[in-house]
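Asks: So that we are looking at the same thing, I have put the structure below in structure tokens.
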Amino acid sequence: MTRTAMELAEFLACTLEGDSTAELSGVAAPDSASATDLIYVEKARHLERVSASQARCVVIGPGLAVNGKTLLRAENPKLAFAKAAAWLVPPAPITTGVHPTAVISTTAKLGRGVAVGPYAVIEENVKIGEGTEIGAFCFLGRDARLGSQCRLYPRVTLYAGAWLGDGVILHAGAVIGSDGFGYVAEGGKRWKFPQVGQVRIGNDVEIGANTTIDRGSLDRTEISAGVKLDNLVHIAHNVHIGENSVIAAQTGISGSTVIGREVVFGGQVGLADHCRIEDGAVIGAQAGIPTGKTIRSGQIVWGTPARPLEKFKVQYAWFARLPELAERVAMLEKKTAEGEV
């Protein structure tokens, strides 16, 4: 898709400085951009790279300038660039039409424009909203519900009864609705606790490759609208995640944990069961949160067990000095033994 700088400025509600007729058909980093690619800059230290770029059009932040380029001036250039990218370079279709090898139950209901790839399986009473794309080898269990304009990449699995809202993106290998990890012990044997609840995914959620979300045991697991989950994240049974929270790769969240709105997780975070993470909290990478712990609204925590960031930094500084302190203690003990102290 080719647009002019003026069209893009109007779409982004940006101020245009320079050639309004400059044509744009893609986005790129400054070093690899062609003349028709859009680039962006938000910090002065990158201006030299932008100036040397072949790109003719730049989304640029307030107070910055670069000669010889058409400028789209935005308060938040990174956000404007992301919106421009979605407009200029929409994602390619996952599949088109309904492939003859797809196995679709006669009781399934497919909305207008639904596309189904090779060897996908759609079981009884599945309902799929219009414009949704189902990639090759996907499996949609009986009674699953999918909203409109969803995108399921190859080999996604929806267990029976899973619900997706509108505009949900599931990357390859994601599993939605698997059994939670719950057992009751008796005399050396473990009895499986019922895993018969639901999983519901809200609108505009994106879930990374090989991420797994368990169904509720007796109630339901719920991922609210706008949540973004990275690759290789595990969400256990009965977890609730509030709107627009973001969770990075290799994080594991144990059962019955409640996460508020706008919460941010770094990578490899581990949460034990029945934790509560309140709105706007930030959990640093590799933090460990023990059973039943509450992280208060807006709090930033780090470390294992997780503690407030300022406390963590003080304690970590002392940890780094432990070898030196141990050596000093050993010297003092030696002098004490020799009667010098």
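Asks: Take the residues in the stretch 142-159 that are outside any strand (DSSP E or B) and either in contact with a Pro (Cβ under 6 Å, 6 or more places away or on another chain) or open to solvent by 30 Å² or more (accessible area, probe 1.4 Å) (or both); name whichever of them is nearest to Ala236 (Cα to Cα).
Replies: Tyr159
Asks: Could you list, in sequence order, the residues of the stretch 24-64 that are among the polar types (S, T, N, Q) and open to solvent by 40 Å² or more (accessible area, probe 1.4 Å)?
Replies: Selection gives Ser25, Ser32, Ser34, Thr36, Ser51, Gln54.
Asks: Pick out, from the stretch 20-91, the strands (runs of 3 or more DSSP E) lying fully within it that include 2 or more residues that are touching a Cys at 6+ places or on another chain (Cβ under 6 Å).
Replies: Those strands (runs of 3 or more DSSP E) span 70-73.
Asks: Failed condition for Thr96, given (1) of a type in the set (S, T, N, Q); (2) crowded, with 16+ Cβ neighbours inside 10 Å; (3) touching a strand residue (DSSP E or B) at 6+ places or on another chain (Cβ under 6 Å), with all others met?
Replies: Here Thr96 clears every test but (2).
Residue by residue, here is whether (1) part of a loop (DSSP other than H, G, I, E, B); (2) of a type outside the set (Asp, Glu); (3) open to solvent by 60 Å² or more (accessible area, probe 1.4 Å) holds:
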| site | (1), (2), (3) |
| --- | --- |
| Gly298 | yes, yes, no |
| Lys311 | no, yes, yes |
| Gln315 | no, yes, no |
| Trp318 | no, yes, yes |
| Leu325 | no, yes, no |
| Val329 | no, yes, yes |
| Lys335 | no, yes, yes |
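Asks: Pick out the one residue from Ala249, Ala285 that is more than 28 Å from Arg220 (Cβ to Cβ), of a type in the set (Gly, Ala, Ser) and in a loop (DSSP other than H, G, I, E, B).
Replies: When all the criteria are applied, what remains is Ala285.
Asks: Restricting attention to the stretch 65-74, and to residues there that are out of contact with any Lys or Arg (no Cβ under 7 Å at 6 or more places or on another chain) and at pLDDT 95 or above, which single residue is surrounded by the most Cβ atoms within 10 Å (Cβ to Cβ)?
Replies: Leu72
Asks: Can you run down the residue pairs with Cβ atoms below 7 Å, 6 or more apart or on separate chains, where the first is in the stretch 100-125 and assigned to a loop (DSSP other than H, G, I, E, B) and the partner is of a type in the set (A, V, I, L, M, F, W, C) and exposed (fewer than 14 other Cβ atoms within 10 Å of the Cβ)?
Replies: Going by the 7 Å Cβ cut-off, there are no qualifying pairs.
Asks: On to the next question. With the checklist (1) part of a loop (DSSP other than H, G, I, E, B); (2) open to solvent by 10 Å² or more (accessible area, probe 1.4 Å) in hand, flag the one item Ala185 doesn't pass.
Replies: Only one criterion is unmet by Ala185, namely (1).
Asks: Within the group Ile289, Ile241, Ile247, which residue is within 26 Å of Arg215 (Cα to Cα), surrounded by 21 or more Cβ atoms within 10 Å (Cβ to Cβ), in contact with a Cys (Cβ under 6 Å, 6 or more places away or on another chain) and not basic (Lys, Arg)?
Replies: None of the other options fit; the residue is Ile289.
Asks: If you check Gly180, Gly216, which single one turns out to be buried (at least 18 other Cβ atoms within 10 Å of the Cβ), without any contact (Cβ under 8 Å) to a residue 40 or more places away in the chain and part of a loop (DSSP other than H, G, I, E, B)?
Replies: Gly216
The values are calculated or read from the model by the stated rules, or taken from the named source; none is laboratory data. Here the structure is a predicted model, which means the values were calculated and not measured. Virtual Cβ from ideal backbone geometry, glycine too; neighbours counted across all protein chains shown. All accessible areas refer to the heavy atoms of the entire protein, side chains included, with ligands and DNA or RNA removed. Shrake-Rupley method; radii C 1.70, N 1.55, O 1.52, S 1.80 Å.
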